[in-house]
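Enquirer: Structure in structure tokens, see below.
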Amino acid sequence: MAISFYKYSRLVLSFVLIIGIVSNSYSQKYTEPDKLKQFNITVNHEDHTVKTQMLSQPKEIKINNERSYMWYGSQKIMETKGGYEGKLIHGNYTSFYLNNQLKEQGQIKYGLKNKEWKYWYPDGKLKEIINWKNGVKRGSYSIYNDYGQLMAKGNFKNDKLNGKFYTYGPTGKVTEKKVYKNGDEVIAKVKVEKPKKEKAPKEKKVREKKIKEQAPPTEKQKPKKEKKKKKTENTETEKVITS
């Protein structure tokens, strides 16, 4: 009887421990939003709605005067160049038109746009794809017309077009190609064709010789061969007489 009681007490103790672990995990799961590093927010503007994340506490960061920061204040999401006032947006960012179509989608890191961002027309067709790094356009870029057709594509480096830039027509074929360097178009140098060099006289002589060899013999050349034959015949007859 004592052994069974001992086993029973161990079971009760283990059950109590399990209850404690479960309750602890639930208390962690339902931590108050203001104690988290970031939390989800939904902000309604006049012409669109934003679902994003922001830092729970103000964070001091080194400001770059050339970059635009996205932050939350007065129940609105603001975008200010060279500074911010309020809590920085930090995390996923998605905005919708009033008809619930996607407007823009991307990621924000401490108020600055990062990675690939997509933008749409109100009817849901893709408008633009821009790559960002710490609030600066960097990487591939594509723009589409309101029919969803690709109009142009290129690359950005430090907010400036850099490299090859293609423009497309309605059929999808390239209609124009340009090259940029740090935002400035690189004008290709016009190639001046050099005059063709005349063939050396040696080559001319060789060519003329080949033409002569291929041509049929002339009348002046034929008698010379006959004379040679006559000479050989005469020498043979002389040999016969002397013998």
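The values are calculated or read from the model by the stated rules, or taken from the named source; none is laboratory data. The model shown is predicted, which means the values in this text are computed figures rather than measured ones. Neighbour counts are summed over all protein chains in view; Cβ atoms, including those assigned to glycine, are modelled from backbone coordinates with ideal geometry.
Enquirer: Just the residues that are surrounded by 15 or more Cβ atoms within 10 Å (Cβ to Cβ) and over 14 Å from the mean Cα position of the chain (by Cα), please, taken from the stretch 134-144.
Expert: Gly135, Val136, Tyr144
Enquirer: Which of (1) part of a strand (DSSP E or B); (2) closer than 22 Å to Glu46 by Cα does Gly124 not meet, given it meets every other one?
Expert: The number of the failed condition is (1).
Enquirer: Turning to a different aspect of this structure: Could you check, for the stretch 66-79, whether at least one of its residues is at pLDDT below 95, buried (at least 16 other Cβ atoms within 10 Å of the Cβ) and β-branched (Val, Ile, Thr)?
Expert: Yes, some residue in the stretch 66-79 is at pLDDT below 95, buried (at least 16 other Cβ atoms within 10 Å of the Cβ) and β-branched (Val, Ile, Thr).
Enquirer: If you check Lys113, Lys59, Lys137, which single one turns out to be basic (Lys, Arg) and either assigned to a loop (DSSP other than H, G, I, E, B) or on the phi > 0 side of the Ramachandran plot (or both)?
Expert: Result of the check over Lys113, Lys59, Lys137: Lys59.
Conditions tested, residue by residue: (1) within 22 Å of Asn158 (Cα to Cα); (2) at pLDDT below 95.
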{"residue": "Tyr84", "(1), (2)": "yes, yes"}
{"residue": "Glu104", "(1), (2)": "yes, no"}
{"residue": "Ile108", "(1), (2)": "yes, no"}
{"residue": "Lys113", "(1), (2)": "yes, no"}
{"residue": "Tyr121", "(1), (2)": "no, no"}
{"residue": "Lys125", "(1), (2)": "no, no"}
{"residue": "Trp132", "(1), (2)": "yes, no"}
{"residue": "Lys137", "(1), (2)": "yes, no"}
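Enquirer: Now for a separate question. Looking only at the stretch 69-80, which residues are more than 16 Å from Gly91 (Cα to Cα) and either in a loop (DSSP other than H, G, I, E, B) or in contact with a Leu (Cβ under 8 Å, 6 or more places away or on another chain) (or both)?
Expert: Those that are more than 16 Å from Gly91 (Cα to Cα) and either in a loop (DSSP other than H, G, I, E, B) or in contact with a Leu (Cβ under 8 Å, 6 or more places away or on another chain) (or both): Ser74, Gln75.
Enquirer: Considering each of Asn155, Asn92 in turn, give the residue that is surrounded by 16 or more Cβ atoms within 10 Å (Cβ to Cβ) and not in a loop (DSSP other than H, G, I, E, B).
Expert: Being surrounded by 16 or more Cβ atoms within 10 Å (Cβ to Cβ) and not in a loop (DSSP other than H, G, I, E, B) holds for just one of Asn155, Asn92, which is Asn155.
Enquirer: Restricting attention to the stretch 86-142, and to residues there that are in contact with a Phe, Trp or Tyr (Cβ under 7 Å, 6 or more places away or on another chain) and among the aromatic types (Phe, Trp, Tyr), which single residue is nearest to Lys76 (Cα to Cα)?
Expert: Once the filter is applied, the top-ranked residue is Trp117.
Enquirer: Same structure, new question: Exactly one condition in (1) among the polar types (S, T, N, Q); (2) exposed (fewer than 12 other Cβ atoms within 10 Å of the Cβ); (3) assigned to a strand (DSSP E or B) is false for Thr167; which is it?
Expert: It is condition (2) that Thr167 fails.
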